[in-house]
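Novice: Structure provided below as structure tokens; questions to follow.
The values are calculated or read from the model by the stated rules, or taken from the named source; none is laboratory data. As the structure is a computational prediction, the values presented were derived from the model and not from experiment. Side chains included, ligands, DNA and RNA excluded: accessible areas come from the protein's heavy atoms. Shrake-Rupley method; radii C 1.70, N 1.55, O 1.52, S 1.80 Å.
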Amino acid sequence: MSQPVTDSANPAAWAPATVQSLGRVLELPPGWDSYGAPAIQPAFAARALDLMVAVLPDDAPAPAVVPTSRGGLQLEWHTRGIDLEIEFETPHRLRGYFHDHQTHTSWEKDLSADHSALLEAIAILSQRS
């Protein structure tokens, strides 16, 4: 079972770097990409953090937090032979991409209502060294 991310005495290993990255993304001004992108909406960061607390084991690698040009964000892992990306198209609509370079397993799907594929992908990512 995951530790609460807010347990400052013993946070999940991924939490400190990820919370810092979310903070940096939220500080981006409008037009941050030089093409007029809107500022990142706080609701996206809140939803991303809620999702990570719900699905990431304590020892999971920290994701890269990537702003999107539409004012949203994406969580990405490109490590351990796995590419996993979760785009928050809206705070409640999630789109995922997974590719395991060892097994050649891939999928791209809507993760909004069903997180089972995401949970499986994170388990593979977390267990692989």
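Novice: I'd like the carbon and sulfur percentage of the solvent accessible area for region 1-106, probe radius 1.4 Å, heavy atoms only, ligands and nucleic acids excluded.
Specialist: Heavy-atom surface of region 1-106 belonging to carbon and sulfur, 1.4 Å probe: 54 percent.
Novice: Among TRP14, TRP107, what's the order by accessible area (1.4 angstrom probe), most exposed first?
Specialist: TRP107, TRP14
Novice: Output wanted: per-residue J couplings in Hz (rounded whole) for region 79-94, from phi through Karplus 6.51 cos²θ - 1.76 cosθ + 1.60, θ = phi - 60°, x for Gly and Pro.
Specialist: Coupling constants for region 79-94: 7, 6, x, 10, 10, 9, 10, 10, 9, 8, 5, 9, x, 10, 10, 10 Hz.
Novice: Once you have the Kirkwood Rh of the chain from its Cα pairs, apply Stokes-Einstein at 25 °C and 0.890 mPa s and quote D in µm²/s.
Specialist: Here the translational diffusion coefficient equals 163 µm²/s.
Novice: So what are the ³J(HN,Hα) numbers for region 18-26, from phi and the Karplus equation (6.51, -1.76, 1.60; θ = phi - 60°), rounded to whole Hz, Gly and Pro as x?
Specialist: 5, 5, 4, 5, 4, x, 5, 5, 5
Novice: Return one whole number: the accessible area per residue of the chain in Å², for a 1.4 Å probe.
Specialist: Accessible area per residue: 53 Å².
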